[in-house]
Amino acid sequence: MTALRGEFRTLAEVLDAAGEQHGDREAYVEPGRVRLTFSELARASDGLAAALAARGVGHGDVVALMLPSSADYAICYAAVARLGAVTTGLNTRLGPREVAAVLDRARPALVIRDTEAGLPEPPPGIPVLAREELAATYDGPGLAAPVPVSPADPVVIIWTSGTTGTPKGAWFDSRNLAAAATSAGVMSAPYDRRLVATPFAHAGYMGKLWDQLAWGITMVISPVPWSAAEMARILREERITVAGGVPTQWAKLLQEPDSGALPCLRIGIAATAPAPPELVEKTAARLGVPLVVRYAMTESPSICGTEPHDSPETQFRTVGRPQDGMDVLVTDEQGNPVPQGKVGRVRVRGGCVMRGYWGQPELTAEVLTPEGWLLTGDFGSFSPEGNLVLSGRASDLYIRGGYNVYPLEVENVLSEHPGVARVAVVGTPAPVIGEIGVAFVVPADPARPPTRDALRAWTRDRLADYKAPDQVEIVSELPLTAMLKIDRDALRAAAVRTRS
């Protein structure tokens, strides 16, 4: 049961209902700059929708947003949905080649662009609306009548990070977005105030707009660059109830003098990397909130998650159980379920799974079965308690002397070493045994980094000996992709350079 009363078929209907029922509650906050209520979001998006229609944007057209995370971004997304058109967002960290690939695939009727956001110019021939022109449309006359929209009409295209080639566009309709609200579980409660650091072009926002509207959630946009002191201040002053961060950010937050005084915070999310059990315990003790884990991907923004009552070991070792409305299988390459504890390919089915890759039916057929299963690129297994344990991506697996090694499994073990702050493991070609493992380690104490022998011994005490890294490289930071994931292609290239 959400905070919104009624039955709704489309995102536009939910938007109007949220404007009426949530009214003057804040929908978006840019600390120190902008505060936008749900009624203002509904009104501004109606005005912008009329202006976009006057520019020729209609049902089924694609509108590309080249904007930073902001209230303007949200208004644009809502306005495009009112027209039965399709929104796609471009992460502001994308390079010229990636931007060109996305726009070539999406073929937008219009680009809405912030000239200060750092994104390249769109190719000639694509109409552009500058961000500076948006505000003047928000108080405009609005649409004369609602545009007829079907629940099966495409609403949004979300782009993969492109680490294995050019980005692919996963598209979703209103039914998908509604399913995300149903599957939210402990992540969403009526009138939550959520601190958001994920870029709005990411599935974590684009795939969850219905969820926000249905629960009346205030999205407080985290300032850039990040600092522990600023996070502590915003958590306190903005009365944040839900917040996410990578494990190192939570660790730094715990060191802040005022971080313990956060009475509104009810749950934290450990993002992008496993949180060691001692960090989970310290966060619960000092902040009084549990750290939970969520497993999702661009093609399915909701899949699995842990629960607040799960043990620290469960939070660290697993990604929890399937969320409401989602099914997960672990199978062999022929699609047969494998026994509990055995590693296989993860398959996902449910209302949150994409309808397909935009304009790429052949690729869609490769990953979506006739029965509705999404064939993910992840390997995993189920624990005796029914929690999913990830072993890594198919593209990350390397074969050392005939044995499969899943980097994520090794990383989880290495991250428990007291001398390791962050770590990523990749395979690199080697004579005789085919491939070896290279561990890139950010040390907890740069003055006293862990040695190769120490890390190999640590791993061998916990895993098969062939999984111990053959080579250790000490680095100050791990490279990230535009979607803020570890850039394993860059690490593989660096591993090759170290052996040449």
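Relative contact order (percent) for region 378-436, with alpha-carbon contacts under 8 angstrom and 6 or more residues of separation? Intermediate results must be reported in sequence, preceding the final value.
Details: 87 pairs, mean separation 16.7, N = 59.
Rounded, it is 28 percent for region 378-436.
Rounded, prolate or oblate: which one fits region 11-215, using the alpha carbon gyration tensor with axes a ≥ b ≥ c (rounded when a/c is under 1.5, else prolate when a/b beats b/c, else oblate)?
Numbers: a/c = 1.40, a/b = 1.21, b/c = 1.16.
Cα axes put region 11-215 in the rounded bin.
Determine the gain in length on full extension of the stretch Ile126-Glu416; use 0.36 nm per residue of separation and subtract their C-alpha separation, reporting nm with one decimal. Each step should come with its number before you reach the end.
Values: separation 290, 0.36 × 290 = 104.40 nm, distance 5.02 nm.
Extra length from Ile126 to Glu416 when fully extended: 99.4 nm.
Restricting to bridges with both residues inside region 396-498, how much of the DSSP beta-bridge set is antiparallel, in percent to the nearest 5? Don't skip to the end; give the middle numbers.
Working: 15 of 19 bridges.
Approximately 80 percent, going by the DSSP bridge assignments.
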Potential extension, Arg236-Arg5 segment - 0.36 nm per residue separation minus Cα distance: 80.1 nm
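What order do you get for Ser183, Ser302, Ser150, Ser188 when you list them from fewest to most C-beta neighbours inside 10 Å? Walk me through the numbers on the way to the answer.
Values: Ser183 25, Ser302 32, Ser150 13, Ser188 21.
Fewest-to-most ranking of Ser183, Ser302, Ser150, Ser188: Ser150, Ser188, Ser183, Ser302.
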FRET E, pair Lys342, Arg460, Förster distance 22 Å, beta-carbon r, rounded to 0.05: 0.45
Amide hydrogen neighbours beyond the local backbone of Val420, cut-off 5 Å, H modeled: Ala444
Per-residue ³J(HN,Hα) for region 218-234, Karplus 6.51 cos²θ - 1.76 cosθ + 1.60, θ = phi - 60°, Hz, x for Gly and Pro: 7, 9, 9, 7, 5, x, 10, x, 7, 8, 4, 5, 5, 4, 4, 5, 5
Label-point separation, Ala444 to Val432 (7 Å along Cα→Cβ), nm: 3.5 nm
Amide proton proximity set for Asp153, modelled H, under 5 Å, gap of 5+: Ser174
Beta bridges per DSSP with both ends in the chain, % antiparallel, nearest 5: 60 percent
For Ile436, residues with placed amide H under 5 Å, excluding near neighbours: Thr428, Ala430
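Excluding Ser45 itself, what net charge comes from residues whose Cβ is under 10 Å from its Cβ, given Lys and Arg +1 and Asp and Glu -1? Each step should come with its number before you reach the end.
Numbers: positive: Arg43, Arg82; negative: Asp16, Glu40, Asp46.
So the surrounding residues net to -1.
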Length-normalised contact order of region 232-383 in % [C-alpha pairs under 8 Å, at least 6 apart]: 16 percent
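For the chain, what relative contact order do you get, as a whole percent, if you take Cα pairs closer than 8 Å and at least 6 residues apart?
Working: 1076 pairs, mean separation 52.8, N = 500.
Relative contact order for the chain comes out at 11 percent.
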In order through region 13-30: 3J(HN,Hα) via Karplus (6.51 cos²θ - 1.76 cosθ + 1.60), integer Hz, x for Gly, Pro: 5, 5, 4, 5, 5, 5, x, 6, 7, 8, x, 8, 5, 6, 9, 9, 10, 10
Neighbourhood charge, 11 Å Cβ-Cβ cut-off, centred on Leu134 and excluding it, Lys, Arg +1 and Asp, Glu -1: -2
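Taking region 261-349, which GluC sites (Glu not before Pro) meet the DSSP loop condition and have no more than 13 other C-beta atoms within 10 Å? Intermediate values should be presented prior to the final figure.
Working: sites: Glu278, Glu281, Glu299, Glu313, Glu333; in loops: Glu299, Glu333.
Listed in order of number, the matching sites are Glu333.
What is the calculated FRET efficiency for Tyr191 to Glu281, with r their C-beta to C-beta distance and R₀ = 25 Å, to the nearest 0.05? Before the final figure, lay out the partial values.
On the way: r = 29 Å, r/R0 = 1.18.
Here the calculated transfer efficiency is 0.25.
By the scheme Lys and Arg +1, Asp and Glu -1, what is the net charge of all other residues having a beta-carbon under 15 Å from that of Phe316? Before the final figure, lay out the partial values.
Values: positive: Lys282, Arg294, Arg317, Arg422, Arg462; negative: Glu278, Glu281, Glu307, Asp310, Glu313, Glu385, Glu409, Glu411, Glu416.
Net charge in that neighbourhood comes out at -4.
Rounded, prolate or oblate: pick one for region 396-498, where a ≥ b ≥ c are the square roots of the eigenvalues of its C-alpha gyration tensor, a/c under 1.5 means rounded, and failing that, prolate if a/b is larger than b/c, else oblate. All intermediate terms of the calculation are to be shown ahead of the outcome.
Values: a/c = 1.60, a/b = 1.11, b/c = 1.44.
Oblate, because a/c is 1.5 or more while a/b does not exceed b/c.
Does the chain classify as rounded, prolate or oblate by the C-alpha gyration tensor (a ≥ b ≥ c root eigenvalues; a/c under 1.5 gives rounded; else a/b over b/c gives prolate, otherwise oblate)? Could the numbers behind the result be given before it?
Working: a/c = 1.71, a/b = 1.49, b/c = 1.15.
Prolate, since a/c reaches 1.5 and a/b exceeds b/c.
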Ala229-Thr272 pseudo-label distance in nm [points 7 Å out on the Cα-to-Cβ vector]: 2.3 nm
Between region 118-135 and region 229-299, the alpha-carbon center distance in angstrom: 37 Å
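As a test, work out the antiparallel percent of DSSP beta bridges whose residues both lie in region 202-317, rounded to the nearest 5. Write down the numbers at each step before the final one.
Working: 3 of 9 bridges.
Approximately 35 percent, going by the DSSP bridge assignments.
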Using θ = phi - 60° and Karplus 6.51 cos²θ - 1.76 cosθ + 1.60, couplings along region 427-442 (whole Hz; Gly, Pro as x): x, 9, x, 8, x, 6, 9, x, 9, 10, x, 10, 9, 9, 10, 8
Above-threshold pairs, the threshold being 26 Å between Cα atoms, out of Lys282/Lys467; Lys168/Lys485; Lys168/Lys467; Lys208/Lys252: Lys282/Lys467; Lys168/Lys467; Lys208/Lys252
Calculated [θ] (222 nm, deg cm²/dmol) that DSSP helices of n ≥ 4 give over the chain, each run adding -39,500 (n - 2.57): -8000 deg cm²/dmol
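Read-outs throughout are calculated quantities, based only on the coordinates presented, and are distinct from any laboratory measurement. Since this is a predicted model, take the numbers as computed values, not measurements. No Cβ is skipped: glycine too gets one built from the backbone with ideal geometry, and neighbour counts run over all protein chains shown.
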